[in-house]
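As structure tokens, the structure follows; a few thoughts come after it.
The values are calculated or read from the model by the stated rules, or taken from the named source; none is laboratory data. Fair warning: this is a prediction, and the values are worked out from it, not measured in the lab. As a convention, Cβ positions derive from the backbone with ideal geometry for all residues, glycine included, and neighbour counts pool all protein chains shown. In case anyone asks, the SASA skips ligands and DNA or RNA and just uses the protein heavy atoms, side chains included. Shrake-Rupley method; radii C 1.70, N 1.55, O 1.52, S 1.80 Å.
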Amino acid sequence: MSEPLWLVVPAAGRGRRMGADRPKQYLDLAGRPLMVHTLARLHAAFPGARLVLCLDVADADFDPAWVPFAHWRRVAGGAERVDSVANALAAIVDTASDDELVLVHDVARPCVTVDDLRRLHERLADDPVGGLLAAPVADTMKRDDGTGRVAATESRDGLWHALTPQGFRYGLLRRALAAARTRGVVVTDEASAVEALGLAPCLVAGRRDNLKITHPEDLALAERILAAQRAEAPSAGNPTAKETP
Ligand code: C5P
């Protein structure tokens with residue numbers, strides 16, 4: 001790797017929509033905690049990267065043995081995802097340079113492929129703004145009227161699902177998140193904070209199976225996706241079950 005790469009993994013959510021007894025990053029996925037899969041994919045793509053892992057201060061489930069990176073640190077999560085990411089960036093202020101790339105990846109996306117990770121990284125190497133993995137919207141989009149009925153059909157032309165990782169230079173990302181906080185702009189991903197500065201992040205087409213585990217049925221789906229991806233390997237470069245810790 002030619003220049004230092006930072007990985008920020010927000011993993012401080014409670015995942016209440018899963019209705020489980022533990023946060024979703026600790027639920028079993030193909031015999032291992034979900035978090036182990038996500039970290040293994042990131043490590044397979046970027047073994048020399050430095051990881052900042054955001055965890056709830058009261059987290060009692062985390063095991064440091066699951067982290068395959070040589071350089072990593074744990075930081076306290078915040079009230080919202082954006083606060084967790086901001087904490088991660090603040091924690092490395094003395095180590096990170098403004099021009100170093102930071103990829104932010106949700107722990108809840110264990111099916112991201114090594115190919116997509118490397119492609120995004122390559123695409124962002126010379127990009128002046130940064131960007132994100134994204135997938136074009138395939139379904140017809142409906143807007144509800146608040147009572148469970150259709151108010152309108154929205155055009156899906158030019159609409160994309162924002163996935164992660166999302167990657168920006170350290171200085172720009174810190175500035176963007178700070179500005180969003182000051183101006184009270186609600187941001188649910190890094191790109192929207194950068195957009196609020198008037199910049200246009202690039203959309204890097206990624207695989208549709210980069211699923212975010214959100215609802216209980218997503219776990220079984222993710223298990224099938226991982227199995228299908230392993231059958232595609234080694235071309236996809238994804239670690240096999242045996243290669244994960
Ligand atoms: O809940 P949701 O799936 O939208 O969260 C996206 C990601 O942000 C997850 O990886 C979750 O752990 C993380 N998160 C966080 N801090 C919060 C809320 C969510 O790190 N306060």
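For segment 196-210 versus segment 60-93, the spacing of their alpha-carbon centroids is 23 Å. Ellipsoid semi-axes for segment 60-147, based on the Cα gyration tensor and the rule √(5λ), read 28, 21, 16 Å when sorted largest first.
Between Cys202 and Gly130, Gly131, Leu132, the built amide H atoms are under 5 Å apart, and every one of these is 5 or more places off in sequence or on another chain.
Charge dipole of segment 5-238 (Cα centre as origin; +1 on each Lys and Arg Cβ, -1 on each Asp and Glu Cβ, all else neutral): 160 debye, rounded to the nearest 20. When Ser84, Ser155 are compared by accessible surface with a 1.4 Å probe, the order from highest to lowest is Ser155, Ser84. Solvent-accessible area assigned to carbon and sulfur over the chain amounts to 50 percent, based on a 1.4 Å probe. Phi angles across segment 12-17 convert, under the Karplus curve 6.51 cos²θ - 1.76 cosθ + 1.60 with θ = phi - 60°, into 3J(HN,Hα) values of 9, x, 8, x, 5, 5 Hz, Gly and Pro given as x. Per residue, the convex hull spanned by the Cα atoms of segment 1-74 measures out at 92 cubic angstrom. Near the amide H of Leu29, within less than 5 Å, lie the amide hydrogens of Leu34, all on another chain or at least 5 residues away, with H placed in the peptide plane. Put simply, the amide H of Leu163, placed in the peptide plane, has neighbours under 5 Å in Leu133, Ala134, Ala135, leaving out anything fewer than 5 places away on its chain. Compactness of the chain was expressed as the Cα radius of gyration divided by 2.2 N^0.38 Å, which yields 1.00. Among residues other than Arg16 whose Cβ falls under 13 Å from its Cβ, what is the net charge (Lys/Arg +1, Asp/Glu -1)? Its environment carries a net charge of +2. Heavy-atom accessible area with a 1.4 Å probe sorts Met18, Met141, largest first, into Met141, Met18. Annotation: Thr214 carries an accessible surface of approximately 20 Å², with a 1.4 Å probe and no ligand, DNA or RNA atoms counted.
Summed over qualifying helices (DSSP H, 4 residues or more, each -39500 (n - 2.57)) and divided by its residue number, the chain shows a 222 nm mean residue ellipticity of -9000 deg cm²/dmol. Summing +1 for each Lys or Arg and -1 for each Asp or Glu among the other residues whose beta-carbon sits under 13 angstrom from that of Ser97 gives -2. The antiparallel fraction among DSSP beta bridges confined to the chain stands at about 45%. If you take all other residues with their beta carbon under 14 Å from the beta carbon of Val57, and give Lys and Arg +1 and Asp and Glu -1, the sum is -2. For segment 211-222, putting each phi into the Karplus relation 6.51 cos²θ - 1.76 cosθ + 1.60 with θ = phi - 60° gives couplings of 6, 9, 5, 9, 10, x, 5, 5, 5, 5, 5, 4 Hz, in residue order, rounded to whole numbers and with x for Gly and Pro.
Calculated accessible area for the chain comes out at 49 Å² per residue, all protein chains present (probe 1.4 Å; ligands, DNA, RNA ignored).
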